[in-house]
Amino acid sequence: MRFPRATHLVILCERKTHALEDIQVLKAVFGKLELTMNTDKSKLVNLRIDKDGFDFLGFHHRRLPKLFKAGKFYDLRSFPSKKAMKKMRAKVKEVTAPRSRLFWSPKQMVDKLNPIIQGWENYYGSVDPAVSNQYLKEVDWNLNRRLTLYWNKNHRESICTRRRSQRCFRAWD
């Protein structure tokens, strides 16, 4: 049997003793399969007490409050991790920053960015939309800022001030 090089796994348990037992069982099974568990990346988290949570597949999972008419209840919520957010901002900068792209038309820039943005929305926006969309709005703000910089560099006429160029930029849609 062949496993992928990096197989990810999360185990959720009610009690710490159950979690420690499950870890021992996993180590035994991995030993039979001649696999090892990366202890540097493995950690035991108490979601009821800790405010830390854990990162898994680009998401940060943490217990957060949900507000209802009857009161506040805590639930496991998922949203993009800090590392994923940093990668998204870097990708936007990578696409918009090169000076050679100043000669691109706005349509070319939008055509280049749309598949990237749609991919993020499909992956991060569908898991827990109530929380994830707040983080995706930050990416949207960063994207608007980068495109405004692109527009201002591309149109350096004295008539077009910074505020007016932002209005011009929004007229692309």
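By the gyration tensor of its Cα atoms, with a ≥ b ≥ c the square roots of the eigenvalues, what is the shape of segment 104-146: rounded for a/c under 1.5, prolate for a/b over b/c, or oblate? Oblate.
Ranking N46, A70, L20 by Cα position along the charge dipole of segment 16-79, where only Lys, Arg, Asp and Glu carry charges on their C-beta atoms, puts A70 farthest toward the positive end. Going from the fewest other Cβ atoms within 10 Å to the most, the residues Y150, Y74, Y123 appear in the order Y74, Y123, Y150. Note on segment 16-79: Cα-only Rg and Dmax are 15.7, 52 Å.
Annotation for segment 9-79: GluC sites (Glu not before Pro) lying in DSSP loop with at most 16 further Cβ atoms inside 10 Å of their Cβ are E14, E34.
Residue order for W141, W120, fewest other beta carbons within 10 angstrom first, comes to W141, W120. Could you please state, rounded to a whole Å, how far the C-alpha centre of segment 25-84 is from the C-alpha centre of segment 92-127? The two parts, judged by their Cα centres, are 31 Å apart. Leaving out same-chain residues fewer than 8 places away, which lysines sit with a Cα under 23 Å from that of K16? Candidates past the 8-residue exclusion: K27, K41, K43, K51. Averaging the sequence gap over all C-alpha pairs within less than 8 Å and six or more residues apart, then dividing by the number of residues, gives segment 16-79 a relative contact order of 18 percent. Under 17 Å of direct C-alpha separation, and excluding same-chain neighbours fewer than eight residues apart, K107 reaches these aspartates and glutamates: D173.
Among I11, I49, I116, the ranking by other beta carbons within 10 Å of each residue's beta carbon, starting with the fewest, stands as I49, I11, I116.
Quick note: the coordinates plus some simple rules give every number you see, no bench work behind them. For clarity, every value in this text was computed on a predicted model and none was experimentally measured. In this analysis, Cβ positions are derived from the backbone assuming ideal geometry, glycine residues included, and neighbour counts consider all displayed protein chains.
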